[in-house]
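Written out below as structure tokens is the structure these notes cover.
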Amino acid sequence: MFKEGKSRVDVAIVLNLESFDVMSLFRDYLELSSLDGVVTTHDYLGYNISIFLDLFDRMKNEGVLTPPAIARFVHSAGKLAGLEEECLDVCGQIGRLNDKKAELEREVESVTSLLRYLQAECSKLQ
């Protein structure tokens with residue numbers, strides 16, 4: 001029935017089966033039809049499959065559903081993850097440098113105050 005394009009609801013009604021049994025039969029049908037990837041993808045994404053379908057639609061609309069384009073997309077996504085990590089690292093370095101800058105500014109202020117005091121004391125001695 002699935003091969004004929006019948007929906008899972010139709011199969012459940014015609015065969016008088018519970019939804020769990022129909023889903024199990026449908027899964028078996030997909031695996032027997034060499035659509036194991038669909039089953040694996042669904043198992044991985046679960047009810048979040050809409051995210052995958054949205055991505056698919058966007059890639060289709062952008063005209064990037066060719067194997068080379070998909071390969072570039074995946075490569076770019078990997079680079080993006082690396083850039084995100086690098087960005088976090090750079091932000092941490094900037095934070096540490098800002099702390100060091102503030103410390104050095106306080107030190108310069110302290111030395112400047114000391115220098116003013118010593119200049120004033122030297123002026124008194126002259």
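Read the figures in this text as sums done on the coordinates, not as results from a lab. Keep in mind it's a predicted model, so treat the numbers as computed, not measured. Cβ: placed from backbone, ideal geometry, glycine included. Neighbour counts: every protein chain shown.
So which of ARG8, ARG96 ends up being on the phi < 0 side of the Ramachandran plot, loosely packed, with under 11 Cβ neighbours inside 10 Å, of a type outside the set (A, V, I, L, M, F, W, C) and free of Cβ contacts under 8 Å to residues at least 24 places away in the same chain?
ARG96
Of the residues in the stretch 16-32, how many are surrounded by 12 or more Cβ atoms within 10 Å (Cβ to Cβ) and either over 16 Å from ASP43 (Cα atoms) or in contact (Cβ under 8 Å) with a residue 24 or more places away in the chain (or both)?
The number of residues fulfilling the criteria is 5.
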